[in-house]
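Structure record follows, encoded as structure tokens.
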Amino acid sequence: MNKQHIIDRFVKYVTIDTESDPNNPAFPSTEKQWNLAKVLEKELKEIGMEDVELDENCYLMATLPSNLDYEVPTIGFVAHIDTSPDFTGANVKPQIHENYDGKDILLNKEENIVLSPDYFEDLLQYKGQTIITTDGTTLLGADDKAGVTEIVSAMEYLIQHPEIKHGKIRICFTPDEEVGKGAHMFDVEKFGAEWAYTMDGSQIGELEYENFNAAGATVTINGKIVHPGYAKGKMINSMLIASEFINALPEDEVPERTTGYEGFFHLHHMEGKVEKTTLSYIIRDHDMDQFNNRKKAILDLAEVLNAKRGQKLVSVEIKDQYFNMKEKVTPVMHIVDIAEEVMKDMGITPLIKPIRGGTDGSQLSYKGLPCPNIFAGGHNFHGRYEYVPAESIVKASEVIVGIAQKVAVKFK
């Protein structure tokens, strides 16, 4: 595959602002996501894809027909077009650093923003490669425009090389993944694949089919405001009760002190005055029993604090967000095995590990479309230090082609 062609495609995509909005219930959550969707719709038609359809919810689907004379399973590839609202995605100015020398990369001279392997040691894996970064004032958008680039590039390559045999392939680009809605309006029946892969992982080699079980918890503490000079026995300071709630949870079971399969409670927002304080938590665990125990711990703690004060001051609302796709993928583990074999055939060491987060693939798996996750190549997502090696984007594109070939052979 032509590396420069792929770089040019990626740069075109990331310079289109598609930041999603967690506070807007509309679908998609931002109008600007349509801008990239329409560019992709036009491009898919130009490269020769069939059944190109951009629906009313900003889902873009298309088909690459089979070129076999026998039936094999229809497979799919999925990526999302939005970027995270955690950091601005407007006016992205990609920087291309060829033949990376293993030293600091100056992103922004005026603001002295440096991408250093002393802090981001993964950079050293990519000495001699072409590194694409931001200018330090925005995120890059490799999450997940690298995945979009890889899928389009792989489809284009297969169309241009009809000698490569493959079955029917369906692709879909989704909106609003970053705000947890990427699979909400996904029409699995219309997509029509037996299984799919999200191209939304990080470093080269990642292959994931396990993710967190996830819930959100809103803890509301009601107090009572009284003039402080006359408050004895009357004032109830909700912020102090909130502090007690926070300190009662295990101090080591937080994101910054856990790794691998370890779950956590994450306090990500708090707002308070004497009369009312609200705590917003996310609850995460790979193991379903431990996940349920975490939710119970939150509820039990509220009851303990209420009993201590003899009145109901603390209330909790918990909403499940997504579940571990392992339960849905394990019965069809051949779909993971195929991707693993392709990577090994290409000299890529598969990194099979649990996702410490969620993915469209999790929700899609529970909607009937088993959907492991494959590397897209980027690092340091959602911030100014995001980067992606161009060679990783090329490799991921080649993995897609390899999977198509492998399915054609395995199911002959």
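The values are calculated or read from the model by the stated rules, or taken from the named source; none is laboratory data. Computed from a predicted structure; not experimentally measured. When we count neighbours, we look across all protein chains shown, and the Cβ atoms used for this are built from the backbone with ideal geometry, even at glycine. Surface areas here come from the heavy atoms of the whole protein model, side chains and all, with no ligands, DNA or RNA. Shrake-Rupley method; radii C 1.70, N 1.55, O 1.52, S 1.80 Å.
If both residues of a DSSP beta bridge must be in the chain, then about 75% of such bridges are antiparallel. Ligands, DNA and RNA are left out, and with a 1.4 angstrom probe the accessible area of the chain is 44 Å² per residue.
Using Cα pairs under 8 angstrom and six or more residues apart, how large is the relative contact order of the chain, in percent? Averaging sequence separation for qualifying contacts and normalising by length gives 24 percent for the chain. Here the range 358-412 is assigned +1 on the Cβ of each Lys and Arg and -1 on the Cβ of each Asp and Glu. Its dipole about the Cα centre then comes out at about 280 debye.
Projected onto its three principal axes, the C-alpha set of the range 101-227 covers 81, 47, 26 Å, listed from the longest axis down. Using only alpha carbons, the range 242-293 has a radius of gyration to Kirkwood radius ratio (Rg to Rh) of 1.03.
Counting only chymotrypsin sites (Phe, Trp or Tyr not before Pro) that DSSP places in a loop and that have at most 11 other Cβ atoms within 10 Å, the longest clean stretch of the chain runs over 120-412. Taking one quarter of the surface of the convex hull spanned by the alpha-carbon atoms of the range 194-331 gives a direction-averaged projected area of 10.6 nm². Per residue, the convex hull spanned by the Cα atoms of the range 109-174 amounts to 150 cubic angstrom.
Measuring nothing but how far apart in sequence close Cα pairs (under 8 Å, 6+ apart) lie, relative to its length, the range 315-388 scores a relative contact order of 32 percent. Selection among Thr259, His269, Gly233 by position relative to the dipole of the range 224-281 gives Gly233 as farthest towards the positive end (Cβ unit charges, Cα centre). Placing unit charges on each Cβ (+1 for Lys and Arg, -1 for Asp and Glu) gives the chain a dipole about its Cα centre, and among Ser29, Phe381, Phe291 the Cα reaching farthest toward its positive end belongs to Phe291. What does the C-alpha gyration tensor say about the overall shape of the range 256-339? Classify as rounded when a/c is under 1.5, otherwise prolate if a/b is larger than b/c, or oblate. Prolate, because a/c is 1.5 or more and a/b exceeds b/c. Computed from the C-alpha gyration tensor, the three semi-axes of the ellipsoid equivalent to the range 18-63 are 23, 10, 6 Å, from longest to shortest. For the pair the range 146-202 and the range 323-387, the centres of their Cα atoms are 13 angstrom apart.
Of all accessible surface on the chain at a 1.4 Å probe, what whole percent is carbon and sulfur? Percent of accessible area from carbon and sulfur atoms in the chain: 48.
Considering helices alone, the calculated mean residue ellipticity of the chain at 222 nm is -9500 deg cm²/dmol, with DSSP H runs of length four and up weighted by -39500 (n - 2.57) and normalised per residue. Note on the range 265-412: Cα Rg divided by 2.2 N^0.38 Å, N the number of residues, gives 1.46. On a per residue basis, the convex hull of the C-alpha atoms belonging to the chain measures out at 157 Å³.
Taking the square roots of 5 times each eigenvalue of the Cα gyration tensor of the range 35-146, largest first, gives ellipsoid semi-axes of 36, 19, 12 Å. For the options Asp289, Asp135, Asp82, a Gaussian network treatment of the chain with springs between C-alpha atoms closer than 10 Å singles out Asp289 as fluctuating the most. Running a GNM on the chain with Cα contacts under 10 Å, which residue among Leu267, Leu123, Leu140 ends up with the highest mean-square fluctuation? Of Leu267, Leu123, Leu140, the Gaussian network model singles out Leu267 as fluctuating most. Using a cutoff of 8 angstrom between alpha carbon atoms and counting only pairs six or more residues apart, the relative contact order for the range 259-356 works out to 22 percent. Exceedance of the 31 Å cut-off in Cα-Cα distance is limited, within the set Lys312/Lys353; Lys232/Lys319; Lys93/Lys406; Lys45/Lys412; Lys328/Lys410, to Lys312/Lys353; Lys232/Lys319; Lys93/Lys406.
In a simple Cβ point-charge model (Lys, Arg +1; Asp, Glu -1; nothing else charged), the chain has a dipole of about 1200 debye relative to its Cα centre.
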